[in-house]
Amino acid sequence: MPQALDNTVALVTGASSGIGAATARALAHEGAAVALVARRRERLETLANTIRTDGGVALAIDADITDAHPARAAVAETVAELGRLDIVINNAGLMLLGPVADAPDDEWRRMLDINVNGMLHITRAALPHLTRAAADDPRRVADIVNISSTAGRVARGGAAVYSLTKSGINAFSESLRQELQPQRVRVGVIEPGTVDTELGDHVRAELRSAVEQQTKDMEKLSPVDIADAVVYVVSRPRRVAVNELLVRAADQTW
Ligand code: NDP
């Protein structure tokens with residue numbers, strides 16, 4: 001049966017776990033060949049094998065995209081191996097929480113490096129390929145989806161730098177949307193609420209229990225809920241651009 005993304009190629013960053021892994025599977029299920037980008041090679045290989053067993057096409061690329069060179073190489077390998085690039089999901093990210101006054105500089109640097117610079121490096125390297133795909137069959141449109149957060153919409157104490165990166169992603173995405181609109185490269189942001197992933201595991205140990213306490217009685221979103229949202233955004237007809245989607249857990253108050 002024909003699928004919405006047949007004959008397209010998607011690159012997903014942060015595909016070794018959580019939202020990225022679920023998104024890669026969902027895009028493959030819709031017919032896209034998927035490039036899986038993250039640092040943990042073994043996880044990527046396992047996911048690639050699962051996708052292949054399900055009848056899909058997947059390419060594992062281990063790369064630390066905080067540097068421009070490996071990010072460019074990941075995009076180049078995708079196009080060399082899979083033939084083109086129609087869809088980029090900038091999902092790789094890190095959330096380190098805590099008051100500004102106590103935060104180690106290194107935590108800020110690491111968040112800015114992946115949440116902001118990783119997205120910038122992949123996006124710029126992908127642009128010529130996306131523009132070409134948007135002028136071509138099968139869809140005559142291409143997509144960039146940036147995974148932001150509710151923290152990109154509503155800043156809260158204890159998440160200042162994470163919010164800075166995510167609201168920056170929203171601003172960058174809107175600016176890029178305007179720049180790429182003539183070429184039919186659509187740009188969207190998805191702002192997930194609390195999703196059950198490994199994201200919280202990187203929070204400093206002394207702060208983790210306070211963070212866990214906030215969400216302990218909540219039914220969190222599953223990564224597949226966000227993967228669904230991504231598939232919705234990229235599978236719209238070319239006349240439709242879904243530029244922003246806020247997806248909270250129904251139990252979430254913030
Ligand atoms: P995970 O920790 O499960 O996933 C983060 C992913 O980013 C991993 O695959 C990790 O892979 C990858 N990554 C981190 N650093 C790098 C790097 N330097 N180079 C390449 N890849 C890297 O968390 P989530 O799935 O929850 O997070 C995905 C996105 O969703 C993030 O942007 C996060 O901010 C956002 N988000 C998550 C929410 C949640 O509640 N979980 C809520 C709102 C937004 P590896 O370590 O193998 O490199």
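Annotations
- For segment 189-254, the solvent-accessible area with a 1.4 angstrom probe is 57 square angstrom per residue.
- Alpha-carbon centroids, segment 107-186 and segment 198-212: separation in whole Å: 26 Å
- Measuring with a 1.4 angstrom probe and ignoring ligands and nucleic acids, TRP254 comes out at about 60 Å² accessible.
- log10 of Debye I(q)/I(0), alpha-carbon scatterers only, for segment 104-161 at 0.19, 0.21 Å⁻¹: -0.80, -0.88
- Here the alpha carbons of segment 9-247 define both size measures, Rg and Dmax, at 17.0, 52 Å.
- Residues in segment 49-121 average 46 Å² of solvent-accessible surface per residue, probe 1.4 Å, ligands and nucleic acids excluded.
- Computed about its Cα centre, the charge dipole of the chain is approximately 720 debye, with only Lys, Arg, Asp and Glu carrying charge at their Cβ.
- Sulfur and carbon atoms: percent of accessible area, the chain [1.4 Å]: 49 percent
- Listed residues ASP86, ASP228, ASP64, most fluctuating in the chain (Gaussian network, C-alpha, under 10 Å): ASP228
- Inter-label distance, nm, simple model (7 Å from Cα along the C-beta direction), ASP228/THR50: 1.8 nm
The values are calculated or read from the model by the stated rules, or taken from the named source; none is laboratory data. For clarity, every value in this text was computed on a predicted model and none was experimentally measured. Counting neighbours? That spans all protein chains shown, and the Cβs are built from the backbone with ideal geometry, glycine included. Note: areas computed on protein heavy atoms with side chains; ligands, DNA, RNA excluded. Shrake-Rupley method; radii C 1.70, N 1.55, O 1.52, S 1.80 Å.
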